[in-house]
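Taking it in order: structure first as structure tokens, then the write-up.
The values are calculated or read from the model by the stated rules, or taken from the named source; none is laboratory data. Just so you know, these numbers come straight off a predicted model, no measurement behind them. FYI the Cβ positions are ideal-geometry reconstructions off the backbone, even for glycines, and counts take in every protein chain you see. In case anyone asks, the SASA skips ligands and DNA or RNA and just uses the protein heavy atoms, side chains included. Shrake-Rupley method; radii C 1.70, N 1.55, O 1.52, S 1.80 Å.
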Amino acid sequence: MKLTKEFTSLEKSAVKLTVTVAKKDVQDAYNTTIAKYVKNAQIPGFRKGHVPANVLERKYGDSIKADAISEIIDASLNEVFEKETENRPLPYQQPVMDKMPELDISKDLTYTVTYDVFPKVTVSDLSGITVKEPQVEISDKDIENELKALQERNAIVVDKKVEEPAAKGDIVTVDYEEENGEKRNGYVFTLGNDEDTYGIEKEVTGMKKGESKDFEKDSKKIKVSVKAIKVRDLPKLDDDFAQDVSEKFKTLDDLKKDITRNMEVAKNRRISEVKSQSLLEQLVEKNKFDIPSSMLAAELDGRWRMMAQQFQTSVEQLEKMITSAGQTKEAMLKEWTGDSEKMLKSRIIVDSLIRSRNISVTPEEIEEQYKKIAEDGGISVEEVKKHYEDPRSKEYLIDDTKEQKLYNELYKEIKVSKGDKVTFADLFANK
């Protein structure tokens, strides 16, 4: 197909594409469309496949032109994008045509579409960037806290005595009902753990099994009925407990050593995250560019769907739950927008730097990654390799390795200094 194309940059990483298709190709496309109509048309007085073209044009002229235009646009766009590298449309949004062109087979056909493209950003200035590395030591108290958490995870859940009211830490099951609104039976949450979607923790605290309560919240009449109250029976911290946690532990001391090793791995990983986040925040600040609207919308939609999965519900039901709690989906998406934009900009900058610096990984480097993952996880290299047999998992590992290589390069080109001393808990507090 003979055509010309012209790209015009717009705001927020969008482009306008103007395509002109040569007259001969327009004529050929129209004739091909007419031929299809002739082959398939069934009109009284004519045998199938023998209806004269001029008869079809009089009867179906507008439809024939619309089909021909559609074929021309689809074919020409496919040809443009097949050869185009810099101005390919993002997958989140189809190109939009402001005005459908008119078909005149005696002339060239010109049309215009707009769409979003991947943002173009060139990172070259690293001056003034300083990354501080937190100084963290794992204390005996940190290990005790981890043991306590492990103890709670291995606790046996038992029914609370009927005469005892619900208190912080208890697991309650309630039936929830709004007058002329949301209704949910068997709703389970832990008091004091910020798990309460409906905001009824205050009212449920102090109630006993079998009790019901009517109250008003946000101008809505609500009824809750407590169906069950359960408590966690904590196991004793001794060698038997360690053996129950895993067969690889013989004593409580073995368990403590393993906890310490895991905490060291977590600490180093978190420090690495803190450093890279600081670096990316500064790179985003130094390199201004806009996120395409369709890319941001897709990211927000993904976060919403992930939230629904976490609550083990549908996106429609999630919106009802959020509304019952006095919020709206629109307000939550707006609240997420700032962080989502920063995250997308960080990913784009990383991708740009990896490509501009031609960062790649060798099979030998992936083998080293297998060994490190095995060492950090306390498992065998064979187990690690088995996990990464899946192509998508392997690709994720390759991308992560490239990213780590990028950071190591950048840390040599910027200032990295010792940061403040922080506790292990505080290191993860704002994660």
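Checking each residue in the range 168-213 for being under 15 Å from Met321 (Cα atoms), of a type in the set (Asp, Glu) and either modelled with pLDDT of 95 or more or not in a loop (DSSP other than H, G, I, E, B) (or both) picks out Asp175, Glu177, Glu178. Counting residues in the range 49-59 that are within 46 Å of the chain's Cα centre (by Cα) and open to solvent by 40 Å² or more (accessible area, probe 1.4 Å) gives zero.
Number of residues in the range 273-303 that are closer than 30 Å to Lys412 by Cα and surrounded by fewer than 16 Cβ atoms within 10 Å (Cβ to Cβ): the value is 8.
Of everything listed in (1) in a strand (DSSP E or B); (2) over 44 Å from the mean Cα position of the chain (by Cα); (3) among the aliphatic types (A, V, I, L, M), the single unmet condition for Val15 is (2). Looking at Thr122, Thr110 in this structure, which one is over 30 Å from Lys412 (Cα atoms) and in contact (Cβ under 8 Å) with a residue 24 or more places away in the chain? So the residue among Thr122, Thr110 that is over 30 Å from Lys412 (Cα atoms) and in contact (Cβ under 8 Å) with a residue 24 or more places away in the chain is Thr110.
Residue pairs whose Cβ atoms lie under 9 Å apart, separated by 6 or more positions or on different chains, with the first residue in the range 365-378 and closer than 18 Å to Ile259 by Cα and the second outside any helix (DSSP H, G or I) and of a type in the set (Lys, Arg), are Gly378/Lys248. Return a yes/no flag: does the range 9-21 have any residue that is in contact with a strand residue (DSSP E or B) (Cβ under 8 Å, 6 or more places away or on another chain), open to solvent by less than 60 Å² (accessible area, probe 1.4 Å), among the small types (Gly, Ala, Ser) and closer than 29 Å to Lys288 by Cβ. For the range 9-21, residues in contact with a strand residue (DSSP E or B) (Cβ under 8 Å, 6 or more places away or on another chain), open to solvent by less than 60 Å² (accessible area, probe 1.4 Å), among the small types (Gly, Ala, Ser) and closer than 29 Å to Lys288 by Cβ: present. Just so you know, in the range 79-107 the residues that are part of a loop (DSSP other than H, G, I, E, B) and among the β-branched types (Val, Ile, Thr) include one that is farthest from Ile354 (Cα to Cα), and it is Ile105.
Restricting Thr110, Thr122, Thr114 to residues that are of a type outside the set (D, E, K, R), assigned to a strand (DSSP E or B) and open to solvent by 60 Å² or more (accessible area, probe 1.4 Å) narrows the list to Thr110. Within the range 234-267, being in contact with a strand residue (DSSP E or B) (Cβ under 9 Å, 6 or more places away or on another chain) and part of a helix (DSSP H, G or I) holds for one residue alone: Lys267. Checking each residue in the range 66-100 for being open to solvent by 90 Å² or more (accessible area, probe 1.4 Å) and charged (D, E, K, R) picks out Glu71, Glu82, Lys83, Glu86, Arg88, Asp98, Lys99. Among residues of the range 216-233 that are in a strand (DSSP E or B), those with a beta-carbon under 6 Å from a residue that is open to solvent by 90 Å² or more (accessible area, probe 1.4 Å) at least six positions away or on a different chain give the pairs Lys221/Glu179; Lys223/Asp214; Val226/Lys209; Ile229/Lys209; Lys230/Asp159; Asp233/Ile156. Checking each residue in the range 130-166 for being more than 30 Å from Glu285 (Cα to Cα), open to solvent by 40 Å² or more (accessible area, probe 1.4 Å) and acidic (Asp, Glu) picks out Glu137, Asp140, Glu144, Glu146, Glu152, Asp159, Glu163, Glu164.
Figure legend. Inter-residue proximity from the range 1-20: first residues farther than 16 Å from Asp98 by Cα, second residues open to solvent by 50 Å² or more (accessible area, probe 1.4 Å) and of a type in the set (Ser, Thr, Tyr), beta-carbon distance below 8 Å, spacing 6+ or different chains. Indicated pairs: Lys12/Ser293.
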